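Q: Here's a structure for you.
We did not get these values from a lab; they are worked out from the coordinates using the rules stated. Note that the coordinates shown come from a computational prediction; the quantities given were computed from them, not determined experimentally. Methodologically, a virtual Cβ is constructed for each residue, glycine included, from the backbone with ideal geometry; neighbour enumeration extends over all protein chains shown.
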Amino acid sequence: MEKLHPKVVWIFFFQFIFGGLLILFFFMWGIFPFILRGGFSLAWSIFFPVIFFVLYLIFCYIWAKLTYHFWAYEITDDTYKMEQGVIWKRYVSIPYERIQNIDIHRGVIARILGLSELRIQTAGFGGMQGKWGSFAEGKLPGIEKEKAEQLREKLISRVKGTKQGL
């Protein structure tokens, strides 16, 4: 099984930070009045949120490193295989006959880091649309731009070599 590029840790890190900011905001919104009512000093009232935010950043970085560590993929003769997950593991095997579309996506942070995301859409799953675009059953973040294009071409050639349809 192949690993993602090590720089993908930063993409995961920023995703976790932004994904948890709303929860962090509501948590802090509930804690601040409690601290102020408790008669804590102004210094403690400022110190607590700063320490909490620093601990949150440390947790996000550790979680990003763990996510990177437990994400792997493999292109075999007949399927694309992927495994991911720190606590709950997800194993995906996509036979080439089911692949409908292969996209390369490059977000802002990914472009800064020189990385890409390969999105493999399958029959019955790839057509689903969400707020942020279509969902992909096989998502492969954090691979170098050139390698993403090579993998895309390799997968397309293998898809063309299979019997599709009923």
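Q: If I take all pairs of Cα atoms in segment 51-109, what percentage of them are more than 15 Å from each other? All intermediate terms of the calculation are to be shown ahead of the outcome.
A: On the way: 1146 of 1711 pairs.
Counting pairs separated by more than 15 Å, the tail of P(r) holds 67 percent.
Q: Right, here's the next one. Arrange the following residues from fewest to most other Cβ atoms within 10 Å of their Cβ: ARG106, ARG111, ARG98. Don't jump to the answer; show the numbers that get you there.
A: On the way: ARG106 15, ARG111 11, ARG98 21.
Fewest-to-most ranking of ARG106, ARG111, ARG98: ARG111, ARG106, ARG98.
Q: Please enumerate, by chain and number, the lysines with C-alpha under 21 Å from the C-alpha of LYS89, excluding those fewer than 8 residues away in the same chain.
A: LYS3, LYS65, LYS81, LYS139
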